[in-house]
Amino acid sequence: MSELYDKVERFVEVSYSGKFGMVHFKRTVYWVKQLKPDADEAMLIAAIAHDIERAFREEGSKQMQRIKSSGMKDEDFLKYHQEKGAEIIEEFLIKNNANLKLVERVKTLISKHEVGGSDDENILKDADSISFFENNVDHFLTEYVSKLGKEKIKEKFDWMFNRITSNNAKKIAKPWYNNGINNLNKLH
């Protein structure tokens, strides 16, 4: 990895200190590399930092209230999450003298990581979903079912699976998705 990538990874680690998520981010990088072995530096930086907005989100914020009322796939929330994350990482990259073309590419990728669009945006989205199912399902079952209810968590799991673009990525995520749904159904 590059020196710039290492700086971004350290920034994400420090920003998330004491919070859940680093394994998910590192595995998103891993899955980007699996889905696109020739992924460029911008894609890898976007993968490690795609959820940076969450590190700066306050528990009682409007965004958290929106999640509680509308669920985690609310379009306004997703737009905010993507755009705010893109702004945070853009500022960090500029402060670290990153090439402006790379900055723009990272910003674009993060600003579309929930919804996709281009081939590379879809790869990042798919890698994010695979890593979510691989690493985050148990956290959602233990931390969020009691706060949001089983139906909202099922909606989140379904949405994270159904948004996957490539058949290969769906095949990778399917066993973890099925396991998550089965474990959710076992909860009372």
Return yes or no: is residue 98 assigned to a helix (DSSP H, G or I) and open to solvent by less than 20 Å² (accessible area, probe 1.4 Å)?
-> no
Criterion: part of a helix (DSSP H, G or I), in contact (Cβ under 8 Å) with a residue 12 or more places away in the chain and more than 28 Å from residue 181 (Cα to Cα) - qualifying residue of 147, 107, 125 = 107
Please go through region 150-188 and pick out each residue that is among the aliphatic types (A, V, I, L, M) and either outside any loop (DSSP other than H, G, I, E, B) or more than 19 Å from residue 31 (Cα to Cα) (or both).
-> 153, 160, 169, 172, 173, 181, 184, 187
Considering only residues of region 1-14 that are crowded, with 16+ Cβ neighbours inside 10 Å and in contact with a helix residue (DSSP H, G or I) (Cβ under 6 Å, 6 or more places away or on another chain), which is farthest from residue 164 (Cα to Cα)?
-> 11
The one condition residue 116 fails out of (1) surrounded by 14 or more Cβ atoms within 10 Å (Cβ to Cβ); (2) assigned to a helix (DSSP H, G or I) is (2)
Members of region 16-40 found to be polar (S, T, N, Q) and either farther than 19 Å from residue 132 by Cβ or not in a helix (DSSP H, G or I) (or both), listed by number | 17
Filter region 15-29 down to residues that are of a type in the set (Lys, Arg) and free of Cβ contacts under 8 Å to residues at least 40 places away in the same chain and give me whichever is surrounded by the most Cβ atoms within 10 Å (Cβ to Cβ).
-> 26
Identity of the residue in region 52-85, of a type in the set (Asp, Glu) and modelled with pLDDT of 85 or more, that ends up surrounded by the fewest Cβ atoms within 10 Å (Cβ to Cβ) | 83
Do we have residue 139 as crowded, with 20+ Cβ neighbours inside 10 Å, at pLDDT below 95 and under 26 Å from residue 9 (Cβ atoms) here?
-> no
Taking region 150-166 and the residues there that are open to solvent by less than 70 Å² (accessible area, probe 1.4 Å) and of a type in the set (Val, Ile, Thr), the one that is nearest to residue 117 (Cα to Cα) would be 164
Does residue 147 fit the bill of being open to solvent by 40 Å² or more (accessible area, probe 1.4 Å) and within 20 Å of residue 185 (Cα to Cα)?
-> yes
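The values are calculated or read from the model by the stated rules, or taken from the named source; none is laboratory data. Note that the structure is predicted; figures quoted are calculated from it, not measured. FYI the Cβ positions are ideal-geometry reconstructions off the backbone, even for glycines, and counts take in every protein chain you see. We work out accessible area using only protein heavy atoms, side chains counted, and drop any ligands, DNA or RNA first. Shrake-Rupley method; radii C 1.70, N 1.55, O 1.52, S 1.80 Å.
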